[in-house]
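Trainee: First the structure, then my questions, so here it is.
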Amino acid sequence: MKSNKGKGLLGLLAILICIGVFGYFGYDTMDDIKLGLDLSGGVSITYQTVKDNPTSEEMSDTIYKMQQRVQNYSTEAEVYQEGNNRINIDIPGESDANAVLRDLGKPGSLIFMDQNGETILTGDQVASAQPGIDEKNGQTEYVVSLTFTEEGAATFAEATANNIGNIIFIIYDEEVKSAPVVQTAITDGACVITGMQSYEEAENLAATIRIGSLSLELEVLRSNVVGAKLGEEAISTSLKAAVIGFAIVVIFMIAVYLIPGLASALALALYVGLVLILLAAFEVTLTLPGIAGIILSIGMAVDANVIIFTRIKEEIGVGKTVHSAIKTGFAKALSAIIDGNVTTLIAAAVLFWRGSGTVKGFASTLAIGILLSMFTALFVTKGALYALYWAGFQDAKFYGIRKNIKTVDFLSKRKLCFIISAVLMVAGWIFMGVNAAGGSGALNYGIEFKGGTSTNVTFNENLSIEDISSKVVPIVEQVTGDPEVQTQKVEGTNEVIFKTKTLSVDQREALDKALEENFGVDSSMTTAESISGAVSKEMKEDAVVAVVIATICMLIYIWFRFKDIRFAASAVAALVHDVLVVLTFYAAARWSVGSTFIACMLTIVGYSINATIVIFDRIRENLRLKNNKESLADVVNISITQTFTRSINTSLTTFIMVLVLFIMGVSSIREFALPLMTGIVCGTYSSVCITGALWYVMTTWKKKENK
């Protein structure tokens, strides 16, 4: 016994040392974590097209390709149109605009030229350029693979047929970047450039060709230092809110689950340190959507612990010893934890692969959080629990006992629940229709979606970012009625750019007057331009395609794991339900649909699918244990009842964290916190009242059809 107690104390000491070490390094690496524009600001560059009157198609194509290029700096980089011939690029976490400009070079200035100096191909006829490695006869060769547009393929085929044995020069920004020799006529619209000495050289050439192959040639108009949307004080307040929320969750877990709750607190503390270290190590750019991904992963980490602890209580309730209950509890909880996390991880992988911008940033933090939450729940919590057990906490009273509880007949209310859900979903479309008919738009789209007005103001002195945020922005917000004003400071000048919702002529004049009265600004030097949304049409399409593919992949995985497509169909139906109900909230409350909207919806999808799988896992288990006296309805009701406490406790802990952020955070934090709270409540409701009922209806309907 003394030996075991010593082993337990040593185990606890080891865990505490790990928490201390990783906590210290996590805290120490916080300054190394890349923060997005909304958290720390960055660099903004404005390009102007060389062509005087570019078409909307040319601008759209150039913006999309530029978006793909600048994501090498950050997944959260934004590209959007200003006026009719300007393109803005906002890159978070960067502070040296000149370095970025040197790296980007001159977009759209790529040409292919023959030995006679004749241009045979222009950059816009190149569809893609990718670096690669070619293994031949044990030799490694570094290459760049090019594909051409339909027009470019035909032109290049003719040019290569006429230049076999000759050099074709690839010229970017008036400098020869590559001079490959034509070996044969290339007629299939693709070619490979060889001769690179390293993969890095191939990668640089491919990047140069991609940036030079834009539809339009661009020239730099100005470069700015961007002010953070939140500001230092707001970040500090949000961090305090996160700490308070985390502390409340820890206290709640210990109060409800006693010794297991203490074990989960230790695991969660280690989890936080590891998350900070990995965010810095993988150079993930952290923004508000990224924070949403972390909140979801923390919720899933708590959920895994709740599932385990509920199982342990049940095992003790049927008479098992504490040690045996711990072992069995982890074993029985394993399938639900793995299925829930793997399903969400599949979604995160697809979103990172197919998404862009906000979606990619959300997917990065979510994937890191999921992997860590699984590790801490299955290994750290388990180790801490055994260490506490051997240290002397062996009495069942320290773990709680859950005996058989009265089964609630949830299915008897299924028709009422279906009606309530249908009304809530239809109401959203009605609200959007009424809003659109009233001329205010179906949803209250923010500047990121529908664009707005960019106002360039020249002050009499060189104001700091802090002065602009504390003194000028409040006045701009008051005059424009826009609580989400964004600021940029033009480097080396007294100019400041304010991005707001679209302003009328009267509002522009009122803003000019207010700035003149308060800061002595010469209104004749103030200019205003319309800007497009940073969330482009292509980015929206990318997000939709990513979500559709992710949903299909989740459906296939659930079908494979549960051997019943009705489980998968019910889960997907619940996802659609939750998204539509939250959309109703956005429409009815006229809540701002900004940069966090997509991430908020994705968080709700991830949260909902996890809660659903926990219930389905119980149904699957209880179907195997079903006796002849129990009906299918009994199995569903028993399963929902058994997981009901888990559903409430997990939702409550996640809700608490988001609620504290909403109460203490600034407007940008509240923008995604309130819809997220709505989604948490809705996800809990759908998992308890809708998913099991849907599966039951599908199953019994099939049996009736067979009769």
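The values are calculated or read from the model by the stated rules, or taken from the named source; none is laboratory data. Predicted model, so just to flag it, every value in this text is computed and none were measured. With ideal geometry, Cβ positions are generated from the backbone for all residues, glycine too; neighbour counts draw on all protein chains shown. Areas reflect the complete protein model, heavy atoms only, side chains present, ligands, DNA and RNA absent. Shrake-Rupley method; radii C 1.70, N 1.55, O 1.52, S 1.80 Å.
Trainee: Let me have the relative contact order for the chain, percent, based on Cα pairs under 8 Å that are six or more residues apart.
Mentor: Details: 1279 pairs, mean separation 121.8, N = 707.
Averaging sequence separation for qualifying contacts and normalising by length gives 17 percent for the chain.
Trainee: Considering the options VAL582, THR453, THR699, tell which one lies farthest towards the positive end of the dipole of the chain, charges being +1 on Lys and Arg and -1 on Asp and Glu at the Cβ, about the Cα centre.
Mentor: Going by the charge dipole, the pick is THR699.
Trainee: On to the next question. Can you show me the helix-derived [θ] at 222 nm for the chain, built from DSSP H runs with n ≥ 4 at -39,500 (n - 2.57) apiece and divided by the number of residues, rounded to the nearest 500. Can you show the working numbers first?
Mentor: Details: 21 runs with 422 residues, N = 707.
Mean residue ellipticity, 222 nm, calculated: -20500 deg cm²/dmol.
Trainee: Taking region 605-684, which trypsin sites (Lys or Arg not before Pro) meet the DSSP loop condition and have no more than 16 other C-beta atoms within 10 Å? Can you show the working numbers first?
Mentor: Working: sites: ARG618, ARG620, ARG624, LYS626, LYS629, ARG646, ARG670; in loops: LYS626, LYS629.
Sparse-neighbourhood loop trypsin sites (Lys or Arg not before Pro): LYS626, LYS629.
Trainee: Order the following by accessible area, largest value first: ASP52, ASP542. Probe radius 1.4 Å; ligands, DNA and RNA are ignored. Mind dumping the intermediate values first?
Mentor: Working: ASP52 120, ASP542 20 Å².
Ranking ASP52, ASP542 by accessible area, largest first, yields ASP52, ASP542.
Trainee: Which helices, counted as full DSSP H runs in the chain, have an axial Cα extent of no less than 30 Å and a Kyte-Doolittle average of -1.0 or above?
Mentor: 2-28, 231-281, 288-317, 322-354, 414-437, 537-562, 565-589, 597-625, 632-664
Trainee: Further, regarding this structure: Can you pull the accessible area of GLU484 for me, 1.4 Å probe, Å² to the nearest 10?
Mentor: Probe radius 1.4 Å; accessible area of GLU484 about 50 Å².
Trainee: Can you list, by residue number, the Cys in the chain that have no neighbouring cysteine C-beta under 4.7 Å?
Mentor: Flagged as lacking a Cys partner: CYS18, CYS191, CYS553, CYS600, CYS682.
Trainee: Take the Cα coordinates of region 382-440, assign each an equal point scatterer, and use the Debye formula without solvent to give log10 I(q)/I(0) at q = 0.16, 0.17, 0.23 Å⁻¹.
Mentor: Rounded to two decimals, the profile gives -0.72, -0.75, -0.94.
Trainee: Using heavy-atom solvent-accessible surface (probe 1.4 Å) with all chains present, what is the largest-first order of ILE244, ILE619, ILE15? Write down the numbers at each step before the final one.
Mentor: On the way: ILE244 75, ILE619 0, ILE15 25 Å².
Solvent-accessible surface, decreasing: ILE244, ILE15, ILE619.
Trainee: Tell me, what are the semi-axes, in whole angstrom and largest first, of the equivalent ellipsoid of the chain as set by the roots of 5 times the Cα gyration tensor eigenvalues? Present the calculation step by step, with values, prior to reporting the outcome.
Mentor: Numbers: eigenvalues 489, 203, 149 Å².
Sorted largest first and rounded, they come to 49, 32, 27 Å.
Trainee: Rounded to the nearest angstrom and ordered from largest down, what semi-axes does the equivalent ellipsoid of region 260-376 get from its C-alpha gyration tensor (root of 5λ)?
Mentor: Equivalent ellipsoid of region 260-376: 31, 15, 9 Å, largest first.
Trainee: For a quick check of understanding: with a 1.4 angstrom probe and all protein chains in place, what accessible area in square angstrom does GLU466 have, to the nearest ten?
Mentor: My reading of the accessible area for GLU466 is about 100 Å².
Trainee: Run the simple label-point estimate for THR527 and GLU174 please: 7 Å along Cα→C-beta, distance reported in nm.
Mentor: Computed distance between label sites THR527 and GLU174 equals 2.5 nm.
Trainee: Compute the semi-axes of the equivalent ellipsoid of region 314-360, taking the square root of 5 times each eigenvalue of the Cα gyration tensor, and list them largest first in whole Å. Provide the component values of the computation, followed by the final result.
Mentor: Working: eigenvalues 297, 11, 9 Å².
Equivalent ellipsoid of region 314-360: 39, 7, 7 Å, largest first.
Trainee: Charges at C-beta only: +1 for Lys and Arg, -1 for Asp and Glu. How large is the resulting dipole of the chain about its Cα centre, in Debye rounded to 20? Mind dumping the intermediate values first?
Mentor: Values: 55 positive and 69 negative charges, 1232 e Å.
About 5920 debye.
Trainee: Right, another one. What translational diffusion coefficient, to the nearest whole µm²/s, does region 548-707 have by Stokes-Einstein, given a Kirkwood radius computed over alpha-carbon pairs, a temperature of 25 °C and 0.890 mPa s viscosity? Kindly include the intermediate steps, with their values, before the conclusion.
Mentor: Details: Rh = 16.7 Å.
Using the Kirkwood radius from Cα pairs, D works out to 147 µm²/s.
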